[in-house]
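Okay, structure first, notes after.
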Amino acid sequence: MVFERNLTVNKDLLSRYNYDSFINENFQPWMNFEKSPVVGEPAPDFPLWDLDKQACSLSEIWSAHLFTVVEFGSFT
Amino acid sequence: MNQLAEEYADKKISSVFIYTHEAHPGEHYPHLTSMAQKYQHAQDLKNVLGVTRPILLDSLDGACHRSYGSMPNMTWIFNRSGVVQYKGNWTDVDSVERALVHLLEINQRRRNREILAPFKVEKLEYRKSDREGFNKGLERSGPKAVEEFKKAF
């Protein structure tokens, strides 16, 4: 299943991105909003998975409606 | 944001939530080590915190989140072609609604065959700070999250 194959990725990147403590040297390097895609330009597409573990993509989501609001976040 | 999504759903606007990583890992919600765990945390976002919008999981290494700047709670708006219409490094429902009202107005003017040329604006937005609600979120994650946030700021 694609959902499970996603586990086989760079372990160093996994541990740095999924940091275990909220300390400056862990979270600050990831905050790169100023380098993110610019307004008025096409955005990059990525695979995503729904809560039923079915694969989809960001472009599938935005292409289905006039506008799509995407909030990024987590439980914490 | 859930209420906003419901209010604008009949105006051809969809809203989704992309689950990223734990910004404030704690004893109850530790850092992510598997997609199965990420799936469980995302389920809790729906069942415990009541997010009613479709929740989609980013990959475990946060490929999508990282590409979009990795801010802990940001909001973007895309048009049907995937062109960025709005990006906010923090989520504020009033700011997002103002953007939607503007975008719908522009869409209507174009439907009325008005010729419009885009240009860009940069400005600061301001939101009401909800420290009490934020602290409750840290407490849900666990005492470790509370202490680490105190030390960080």
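Every number here is computed from the coordinates shown, using simple stated rules; none is lab data. All figures in this text were calculated on a predicted structure; none of them were measured in a lab. Positions of Cβ are backbone-derived with ideal geometry, glycine not excepted, and every protein chain shown enters the neighbour counts.
Brief remarks follow.
- Checked against the criterion of being at the interface with another protein chain (Cβ under 7 Å from one of its Cβ atoms) and charged (D, E, K, R), the candidates B:Arg98, B:Arg80, B:Arg109 yield just one match: B:Arg80.
- Scanning region B:120-138 for residues that are part of a loop (DSSP other than H, G, I, E, B), more than 16 Å from the chain's Cα centre (by Cα) and among the basic types (Lys, Arg) yields B:Lys120, B:Lys123, B:Lys128.
- When B:Gln37 is tested against (1) touching a Phe, Trp or Tyr at 6+ places or on another chain (Cβ under 9 Å); (2) free of Cβ contacts under 8 Å to residues at least 60 places away in the same chain, just one condition goes unmet, and that condition is (1).
- Annotation: of all residues in region B:22-70 being at the interface with chain A (Cβ under 7 Å from one of its Cβ atoms), of a type in the set (Asp, Glu) and out of contact with any strand residue (DSSP E or B) (no Cβ under 6 Å at 6 or more places or on another chain), the one that is surrounded by the fewest Cβ atoms within 10 Å (Cβ to Cβ) is B:Asp44.
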